[in-house]
Amino acid sequence: MKGKRYIFYTAAFTFFAVLISQKEVYAMHIMEGFLPPLWAAIWFALSIPVLFLGVRRIQKLTADHPNMKMILGLCGAFAFVLSSLKLPSVTGSCSHPTGVGLGAILFGPAVTSILGVIVLLFQAVLLAHGGISTLGANVFSMGIAGPFASYIIFRGLKKIGASKGVSVFLAAAFGDLITYIVTSVQLGLAFPTESGALAAVAKFLGIFAVTQIPLAISEGLLTVVIYNILTVY
Amino acid sequence: MTEYIIETKDLEFVYPDGTYALRKLTISIQKGKKIAIVGANGAGKTTLFLNLNGVYKPTGGKVYFEGKEMIYNKKDILALKRNIGIVFQDANAQLFSASVFQEVSFGPMNLGLPKEEVRKRVEDALAKTGIAHLKKKPIHFLSGGQKKRVSIADILAMDPKVIFLDEPTAFVDPKTSSELMAFFDVLNKEGKTIVLSTHDMDKVYPWADYVFVMKEGAVIAEGIPQDIFRDDEVLKRADLEKPWMIAAYEEIIKRKPYLSKEEVPKTKEALFQLMTK
Amino acid sequence: MTEYIIETKDLEFVYPDGTYALRKLTISIQKGKKIAIVGANGAGKTTLFLNLNGVYKPTGGKVYFEGKEMIYNKKDILALKRNIGIVFQDANAQLFSASVFQEVSFGPMNLGLPKEEVRKRVEDALAKTGIAHLKKKPIHFLSGGQKKRVSIADILAMDPKVIFLDEPTAFVDPKTSSELMAFFDVLNKEGKTIVLSTHDMDKVYPWADYVFVMKEGAVIAEGIPQDIFRDDEVLKRADLEKPWMIAAYEEIIKRKPYLSKEEVPKTKEALFQLMTK
Amino acid sequence: MISMDQYAYINRLKSVHPMEKCLLSGGMLLICLWNTSPLVHFGAIALMTFLVIAVAGIPGKTYVQYLLLPLVFLITGVGGVALTITKNSTLFLYGFAMGHWKIGISQQGLDQAVLVFLRAYASVTCLYFLAFTTPMTDMMWVLRKLRMPTVLVELAMMIYRFIFVLMETASMIYISQDCRLGYSSIKRSYTSLGQLASNLFVKAFCRAQELFTALTARGYTGRLDVLEENYYLSMKNMALIVLAQGIFMILALQ
């Protein structure tokens, strides 16, 4: 059988590679070529209307305040640099803060989605992290679903009078969790098992929970620290 | 007997991307002296400091602190960071806290000292650097000179034995810069070993007890300033300007050769004395 | 007849938050000269530049450009920005594009020139500043000195009549800094009026034709450098150091009073001549 | 991290027209995505690796290091694809029961995992070809030609430039904190990193204001127009690209 030989070679290569690869856990970026073309296209199609809204919103913002362009540019660069910092995670492994929650709280989700798409593009071509074909899917999970969740949670908690610290923590942590859930959904839909897509989603949720739940908590804590210091300025 | 606080032997450092930063560098820094390390940008002065204080781990050669060889294990690194402080060139980039007090307390807090001791150290450091009145100010309101003083207080609060000052007069106005040079003298008199890197030959010539000249990661000359700065060959190789005092002195002895028996002047007054002899 | 390119009368500027930055400031800048504006940090030099080039609108007083009063309407502001260029202190704050070519093209593009003219101007500016070979390099690959040159090319490409240089030698090494000073001379010979703000009295003394001394938003003295830098009163008030050439000159005439009839030396050579007279 | 960016400016294919490189990389990416034949995937990996190492002159060691980067995701991801959870399967090559559910690897799951693994690796080499050979400034040019919204390209340009400025500041703060024992325990690392991030944000904000002032002095009124450089398409290269992609299409049909 043809398959057997491939399995041997890929397994051998994988084992060798894991031994010498850097021990870094990347955040939830679906890598280049991982999604089948149909699903890659679907997530692009779903993201584009939101990005369109974001562009319109930024155009309006910058027309009223020409300095907004510089502020957004610098904030985008900040988000990129933040994502390249290593964050000591609760489980001891290192990972990367995404800053998505912070962006959503400060600028609103539509604008954050534009910064998200640029940062994700740069991560793909500068850091080999994520990909072009999966850009649509990653933008949807990290640049759209995450920020919208953060924004809604932050606004909601503020309305019911929760403390700033709690709202910021929950907004950032849930922004991360939603990103991870959406990524699992994306993978589950693309690779359903015999018993359906739902079981597949559950499967991916289970696999990534090990790294993503501690990460969400770390991100929440860090965002609170940042937010507290920012309000002092 | 001369006592050396820091010594290196054939120290080498290669950055992870393969750039050679230090090459077979051997220096001995005498305890309690005022040392200057001069050299053009990119000569490796900052990299040397970061190796000696344990932020970078040398890729070759040996480092001795107070006569003991450092093997850069956790304990050694902690001892180096605790005893050797670095004041960086660009205070603006280096300071990260919201208020002056918070900024200066960062180091002592990390030493794990009790709160009262931290407070005392911070107040002392602020008083010494002459910025006690700025204690509660937010950092971004300060002037360039004040920020520089905060960055020095940062290090003083950790009470290190050696202080490295990386181009301390680079971004400050001339008045602050003269005041700082005088302040480094005071610190030195209190027993600290001061190592200063600089471009400014006019400032360093009257100040330093001993000078190392660096170029491309190696020490190409060392000696007392009166010798080093009269060595045209060395100055040219290291791309350094001659201090104006030496330039003027050389003009004088060129015209009045009999004055060359006199001592090389190290102060303006001595030079002007000589000028009219 | 002396022709003034920029004049101000009782110029005032108050920041929106209420900080007074310029107070009744009256200056006249002669066309085609090398002007220095000296003063400690926060004296208002940068704010003055931003007022004169139309980024800020003065809150009081008058500004004349080529003899014509500016009322800071759209047309005036455009004329000011077109004719008066500012090279900022920190090149990193001014450069926004990743490619050197695109960066330099930004100014001429804003002038609404045809593309071919823009291209020509960019190439000229790069050639003049000696960085034509860096055209295709990304800015983050450049050294500090090279970034400075790009930031100067930025302004040259707009072909302004007056160039303000804000502390041009602050972040660069001594060699680059001497090269830059020589380059400003070349620009001046080509007919540009050069206005330079600086801390470095030793650099500015032999260079400038005329000096303004600023303190707390006002001009407290003006004159030729040989007068200004001999005025201890003014230097003290403005927190400035005396250039070493003047200090040495004064020592000489103190000891040999008969030399005071000679001209005040503006070059090292002249000073050394005098020294041995 | 910057090394991929650096190679983009010094490799031997730097001055090739960016559209040609995008066409090759993008076209091959599509071919790899749409095909299930391992032959196509191995072929793409071979071609791209050849182009990156032999033609563009990227050191093999660096290239291999980059190839290892996506492995953590790939292994967990492919593992997830291979794994099947079901109530009624008998087709497992290997598996175990957990209550009512059976967890294991079926032949179908395994085949799919192998396909995904190969497809992902082949696609990654296509992306790497672009990333290693095409300077970001050229990619912006392509984005403009593709009629992306101006504001998006302008933001991308500024973000790219200031990544390096802020990265430098971040590393200076990090070193300064490290010198003062800021990373000597997990708890301290947290506080230190939080202070670093928030201060970096404040500095970014100040930089934005400074930049706005500086650009206003050069006539900025809301548009960041810059002059594009000229590129010349090479007919020979275009023909080679079309030829290569044609061969791969035929390969796929077999």
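The values are calculated or read from the model by the stated rules, or taken from the named source; none is laboratory data. Quick caveat, the model's predicted, so the values are computed rather than measured. Every residue, glycine among them, receives a Cβ derived from its backbone with ideal geometry; neighbour counts consider all protein chains shown.
Within the stretch D:29-41, the residues that satisfy the criterion of being within 11 Å of chain A (Cβ to nearest Cβ) and surrounded by 21 or more Cβ atoms within 10 Å (Cβ to Cβ) are D:Leu29, D:Ile31, D:Cys32, D:Leu33, D:Asn35, D:His41.
Here is a yes/no grid of residues against (1) in the same structural domain as B:Asp90 (by TED's automatic domain parsing); (2) over 18 Å from the mean Cα position of the chain (by Cα); (3) without any contact (Cβ under 8 Å) to a residue 24 or more places away in the chain:
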residue: B:Leu134; (1), (2), (3): no, yes, no
residue: B:Ile139; (1), (2), (3): no, yes, no
residue: B:Val172; (1), (2), (3): yes, no, no
residue: B:Ala182; (1), (2), (3): yes, no, yes
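When C:Ile155 is tested against (1) within 11 Å of chain D (Cβ to nearest Cβ); (2) over 24 Å from C:Ile35 (Cα atoms), only condition (2) is not met.
Among the listed residues B:Gly145, B:Gly112, B:Gly107, identify the single one that is within 20 Å of D:Arg188 (Cβ to Cβ) and at the interface with another protein chain (Cβ under 8 Å from one of its Cβ atoms). Within the list B:Gly145, B:Gly112, B:Gly107, the selection yields B:Gly107. Of A:Ser141, A:Ser184, A:Ser133, all but one fail to be under 17 Å from the mean Cα position of the chain (by Cα), crowded, with 21+ Cβ neighbours inside 10 Å, of a type outside the set (Lys, Arg) and outside any helix (DSSP H, G or I); the exception is A:Ser133.
With respect to C:Ala170, is the statement that it is small (Gly, Ala, Ser) and either within 12 Å of another protein chain (Cβ to nearest Cβ) or in contact with a Leu (Cβ under 9 Å, 6 or more places away or on another chain) (or both) true? Answer is yes for this residue. Just one residue in the set C:Ile86, C:Ile77 is within 11 Å of another protein chain (Cβ to nearest Cβ), under 25 Å from C:Glu12 (Cβ atoms), surrounded by fewer than 24 Cβ atoms within 10 Å (Cβ to Cβ) and among the hydrophobic types (A, V, I, L, M, F, W, C); that residue is C:Ile77. Which of the residues that make up the stretch D:57-76 are facing chain A (nearest Cβ under 7 Å) and without any contact (Cβ under 8 Å) to a residue 40 or more places away in the chain? Passing the criteria: D:Leu68, D:Leu69, D:Leu71, D:Val72, D:Phe73, D:Ile75, D:Thr76. Entry remark, the stretch C:89-102: residues being within 23 Å of the chain's Cα centre (by Cα) and facing chain D (nearest Cβ under 8 Å) number 6 in total. Scanning for something within 14 Å of another protein chain (Cβ to nearest Cβ) and crowded, with 22+ Cβ neighbours inside 10 Å, does the stretch A:145-162 turn up at least one residue? Within the stretch A:145-162 (the criterion being within 14 Å of another protein chain (Cβ to nearest Cβ) and crowded, with 22+ Cβ neighbours inside 10 Å), the answer is no, since none of the residues qualifies. A count restricted to the stretch D:3-17 and to residues that are in contact (Cβ under 8 Å) with a residue 40 or more places away in the chain and surrounded by fewer than 22 Cβ atoms within 10 Å (Cβ to Cβ) stands at 9. The condition (being at pLDDT 95 or above and farther than 29 Å from B:Lys242 by Cα) is satisfied by just one residue among C:Ala125, C:Ala79, C:Ala132: C:Ala125.
Conditions tested, residue by residue: (1) in contact with a Gly (Cβ under 6 Å, 6 or more places away or on another chain); (2) surrounded by fewer than 23 Cβ atoms within 10 Å (Cβ to Cβ); (3) facing another protein chain (nearest Cβ under 7 Å); (4) part of a helix (DSSP H, G or I).
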{"site": "D:Gly104", "(1), (2), (3), (4)": "yes, yes, no, no"}
{"site": "D:Ala122", "(1), (2), (3), (4)": "no, no, yes, yes"}
{"site": "D:Val151", "(1), (2), (3), (4)": "no, yes, yes, yes"}
{"site": "D:Phe164", "(1), (2), (3), (4)": "no, yes, yes, yes"}
{"site": "D:Glu168", "(1), (2), (3), (4)": "no, yes, no, yes"}
{"site": "D:Lys187", "(1), (2), (3), (4)": "no, yes, no, yes"}
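Scanning the stretch B:263-277 for residues that are surrounded by fewer than 15 Cβ atoms within 10 Å (Cβ to Cβ) and either touching a Pro at 6+ places or on another chain (Cβ under 7 Å) or modelled with pLDDT of 80 or more (or both) gives B:Glu263, B:Thr267, B:Glu269, B:Gln273. Criterion applied to A:Leu198, A:Leu221 was being more than 10 Å from chain D (Cβ to nearest Cβ) and of a type outside the set (S, T, N, Q), and the one residue passing it is A:Leu198. Looking only at the stretch B:6-20, decide whether some residue is in contact with a helix residue (DSSP H, G or I) (Cβ under 8 Å, 6 or more places away or on another chain) and of a type in the set (Asp, Glu). Within the stretch B:6-20 (the criterion being in contact with a helix residue (DSSP H, G or I) (Cβ under 8 Å, 6 or more places away or on another chain) and of a type in the set (Asp, Glu)), the answer is yes, since at least one residue qualifies.
Would you check if there is a residue in the stretch D:197-214 being touching a strand residue (DSSP E or B) at 6+ places or on another chain (Cβ under 8 Å), surrounded by fewer than 18 Cβ atoms within 10 Å (Cβ to Cβ), within 9 Å of chain A (Cβ to nearest Cβ) and of a type in the set (A, V, I, L, M, F, W, C)? The answer is no, given that none of the residues of the stretch D:197-214 is touching a strand residue (DSSP E or B) at 6+ places or on another chain (Cβ under 8 Å), surrounded by fewer than 18 Cβ atoms within 10 Å (Cβ to Cβ), within 9 Å of chain A (Cβ to nearest Cβ) and of a type in the set (A, V, I, L, M, F, W, C). State yes or no: is D:Phe132 part of a helix (DSSP H, G or I), farther than 30 Å from B:Leu111 by Cβ and more than 7 Å from every other protein chain (Cβ to nearest Cβ)? Yes: the conditions hold for D:Phe132.
Output the number of the condition that B:Leu113 fails; it satisfies all remaining conditions of (1) of a type in the set (A, V, I, L, M, F, W, C); (2) surrounded by 21 or more Cβ atoms within 10 Å (Cβ to Cβ); (3) more than 19 Å from the chain's Cα centre (by Cα). For B:Leu113, the failing item is (2). Here B:Asp227, B:Asp185, B:Asp202 are screened, and the one residue that is modelled with pLDDT of 85 or more, more than 30 Å from B:Gln94 (Cα to Cα) and out of contact with any strand residue (DSSP E or B) (no Cβ under 7 Å at 6 or more places or on another chain) is B:Asp227.
Rundown of residues vs (1) touching a residue at least 40 places away in the same chain (Cβ under 8 Å); (2) within 11 Å of chain B (Cβ to nearest Cβ); (3) in contact with a Pro (Cβ under 8 Å, 6 or more places away or on another chain), yes/no style:
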| residue | (1), (2), (3) |
| --- | --- |
| C:Lys161 | yes, no, no |
| C:Gly191 | yes, no, no |
| C:Ile224 | no, no, no |
| C:Ala247 | no, yes, no |
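Would a scan of the stretch D:220-237 turn up a residue that is away from chain C (no Cβ under 14 Å), among the aliphatic types (A, V, I, L, M) and part of a loop (DSSP other than H, G, I, E, B)? Looking for residues that are away from chain C (no Cβ under 14 Å), among the aliphatic types (A, V, I, L, M) and part of a loop (DSSP other than H, G, I, E, B), one finds at least one in the stretch D:220-237, hence yes.
Regarding B:Lys254, is this residue within 22 Å of C:Leu271 (Cα to Cα), in contact (Cβ under 8 Å) with a residue 12 or more places away in the chain and either within 12 Å of chain C (Cβ to nearest Cβ) or crowded, with 20+ Cβ neighbours inside 10 Å (or both)? Spelling it out, it is not the case that B:Lys254 is within 22 Å of C:Leu271 (Cα to Cα), in contact (Cβ under 8 Å) with a residue 12 or more places away in the chain and either within 12 Å of chain C (Cβ to nearest Cβ) or crowded, with 20+ Cβ neighbours inside 10 Å (or both). Candidates in the stretch B:141-169 are the residues that are hydrophobic (A, V, I, L, M, F, W, C) and assigned to a loop (DSSP other than H, G, I, E, B); of these, the one that is surrounded by the most Cβ atoms within 10 Å (Cβ to Cβ) is B:Ala157. Looking at the stretch A:18-32, can you tell me whether even one residue there is assigned to a loop (DSSP other than H, G, I, E, B), modelled with pLDDT of 90 or more, within 9 Å of another protein chain (Cβ to nearest Cβ) and within 28 Å of D:Thr62 (Cβ to Cβ)? Yes - at least one qualifying residue is present in the stretch A:18-32.
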